[in-house]
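**Q** Shown below is the structure under consideration.
The values are calculated or read from the model by the stated rules, or taken from the named source; none is laboratory data. These figures come from a predicted structure and were not determined experimentally. A quick note on method: Cβ atoms are made from the backbone with ideal geometry, for glycine too, and the neighbour counts reach across all protein chains shown. Calculation scope for accessible area: heavy atoms of the full protein, side chains included, ligands and nucleic acids excluded. Shrake-Rupley method; radii C 1.70, N 1.55, O 1.52, S 1.80 Å.
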Amino acid sequence: MAEIIQERIEDRIPELEQLERVGLFSRAEIKAIIKKASDLEYKIQRRALFKEDFINYIQYEINLLELIQRRRTRIKYSFKKDEIEHSIVHRIQGVFRRASAKWKDDVQLWLSYVVFCKKWATKAQLSKVFSAMLAIHSNKPALWIMAAKWEMEDRLSSESARQLFLRALRFHPECPKLYQEYFRMELMHAEKLRKEKQEFEKADMDMGSFDHSEEILNGELARIIYKNSISKIKGAEFHVSLLSIAQLFDFSKDLQKEIYDDLQAMHTDDPLTWDYVARRELEIQSQPGDEQPLTKKARAAEVGRREERCCAVYEEAVKTLPTEGMWKCYINFCLERFSKKTSSEFLRGKRLERTMISFRKAHELKLLSESQYKQWIELLLPRDFFTEALEVAEAGIELFKDSVTMWQMKLQVLIASKSPDIAMFVEEAFVHLKPQVCLPLWISWAEWSEGAQSHEDTEAIYKKAILAITGTSSVTLKDKYLDWAYRIGGNKKARTVFKSLQENRPFSVDFFRKMIQFEKEQESCKMANLREYYERALREFGSVDSDLWMDYIKEELNHPLGRPENCGQIYWRAMKMLQGESAELFVAKHAMHQAGH
């Protein structure tokens, strides 16, 4: 092994001599490079090989390359690159080759190799790396796409990119992404040829060498891919994705029309088709060819006409395809348009009316989902349509009795309308729902009570909630109860609540930290109380939370009534209780604190 390492170090000598001779590195730096290189070489030549050693070697050499580059810029010396940088690049490639041969399955290693070659190596070398990678990882379409895009965009070789896509499709004949990118590539190729032809014609040059037919220039190859792909991959979503790609290219109008017509003919029973056809009306002007600038009122009227045309298509769609999915598309469109800002009151009113009507019609047909009932109520409440909101909430509960969301939406309506039946309604909800899902209802009820009822009534709600909600869900409730207690009765009330809950596990760290903070906000902050809170917190979280131990130590050191002599004992207790990384973190923080940081 020593002979191999010595030989590899000797191979470096010409480049190192050049580095010193041209003034990029000093003699001392060259010696340091040789020493470091020897250590790295030893690690990648030993019998038991580790991937990290190869990565460290590569990273060191790349750092060296970048340092050479920076120093060249600084001293403005740009010669001898063949003897220096090219030699280092060649060596790094050798290490990458060994590593990727040893750990063939590591895609990230291959990608690092690709990134390196893109920056430092030649295009021919990168082409070989892609070939080697794809020979092993032919089951990953994303790598095929990456290689083809590089061939197309960096090497400007449409033919190589085409060959890669064709090979990829042999491995993945039903991969939508491959077809999409291949389709895009052929359209880009046709666009490039069209631009070349225009340049020839503009320069009045001989077109003899330009032998591409009009069909190719109009995207015939892309059309062939489109026809082939839709025979393999079914569904409107894929069809629409190809149409969206084609729309990026102005010359492909005929192809766009063909795809659009096929979409309507082949996928009439798919809501996505109707959704796409309807939304397309937004892009079509009512009066084509009129280039005159419009007034605000005229613009709003034009937008209104387009939206009317969209909705006419949706109305036809929900008659032809009366499904929940189709109504969802229609309602989502109405909500999107309603959320658009406009200064036209007429347009805004029309959008609201249209949205309300679509919700009502879908509801009558029993084709609304749970989330749509929620959307409907959220639309009604800010406009004070309380009666209708209540009817919608009741209808939602009737259909989705086990949904805490629907019960909570009705509670929001009752609260907003200042109903006297809130307590009765919540009790009814608890009868129908499982206790473990009721936390949002308890919180909404308690928050309402804080502003609308007496402190005694609110506390009674919190106490009932604590008994009803168990497990991790109760943690949030306890934190809110403690916050409320401090707001209405200060530290004394918070301490009473804390004592009543102190054995009611589980807790959060924040629960104890809140009490510590409340105590510290008092004029006469009692160290005895702080110790009690810290001790109780450490009983729950002392094995995982290093910050609690550090804060406890700082409190004993900084509080006027603290006992600095206790810090040593707290430190050793922490070392016994903390595990793994938490213990290491605590030691580091303690050392930093002792050093005055």
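**Q** List, please: which pairs have Cβ atoms under 9 Å, are six or more places apart or on different chains, and start with a residue in the range 39-56 that is of a type in the set (S, T, Y) and end with one that is open to solvent by less than 90 Å² (accessible area, probe 1.4 Å) and assigned to a helix (DSSP H, G or I)?
**A** Y42/A2; Y42/I5
**Q** Can you tell me which residue among K177, K140, K118 is open to solvent by 60 Å² or more (accessible area, probe 1.4 Å) and modelled with pLDDT under 95? Give the derivation first.
**A** Working: K177 fails: modelled with pLDDT under 95; K140 fails: modelled with pLDDT under 95.
Only one candidate passes the filter, namely K118.
**Q** Now a separate question. When only residues in the range 426-475 that are more than 37 Å from the chain's Cα centre (by Cα) and not in a helix (DSSP H, G or I) count, which is farthest from S403 (Cα to Cα)?
**A** Going through the qualifying residues, I end up with S454.
**Q** Which count do you get for residues in the range 539-562 that are part of a loop (DSSP other than H, G, I, E, B) and hydrophobic (A, V, I, L, M, F, W, C)? Don't jump to the end; show me each part of the working.
**A** We begin by selecting, within the range 539-562, every residue part of a loop (DSSP other than H, G, I, E, B); these are 542-545, 559-562.
Going one step further and asking which of them are hydrophobic (A, V, I, L, M, F, W, C), we end up with 544, 561.
Qualifying residue count, the range 539-562: 2.
Matching residues to (1) open to solvent by less than 20 Å² (accessible area, probe 1.4 Å); (2) more than 39 Å from the chain's Cα centre (by Cα); (3) of a type in the set (V, I, T); (4) at pLDDT below 95:
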residue	(1), (2), (3), (4)
I13	no, yes, yes, yes
L16	yes, yes, no, yes
V22	no, yes, yes, yes
R27	no, yes, no, yes
I33	yes, yes, yes, yes
R46	no, yes, no, yes
I68	yes, no, yes, yes
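**Q** If the Cβ limit is 9 Å and pairs must be 6+ apart or interchain, which residue in the range 420-444 that is among the charged types (D, E, K, R) pairs with which residue that is open to solvent by less than 40 Å² (accessible area, probe 1.4 Å) and part of a helix (DSSP H, G or I)?
**A** Note: pairs meeting the criteria are D421/L414; E428/W407; K434/V404.
**Q** Give me the residue from the range 322-345 that is in a helix (DSSP H, G or I) and among the small types (G, A, S) and, out of that set, most open to solvent (accessible area, probe 1.4 Å).
**A** Here the residue is S339.
**Q** Can you tell me how many residues in the range 378-424 are part of a helix (DSSP H, G or I) and open to solvent by 10 Å² or more (accessible area, probe 1.4 Å)? Talk me through it step by step, then tell me what you get.
**A** Taking the range 378-424 and keeping what is part of a helix (DSSP H, G or I), we get 378-383, 386-399, 404-416, 422-424.
Now narrow it down to the ones that are open to solvent by 10 Å² or more (accessible area, probe 1.4 Å): 378-379, 381-383, 386-388, 390-391, 394-395, 397-399, 404-405, 408, 410, 412, 414-416, 423-424.
Summing the residues that are part of a helix (DSSP H, G or I) and open to solvent by 10 Å² or more (accessible area, probe 1.4 Å) in the range 378-424 gives 25.
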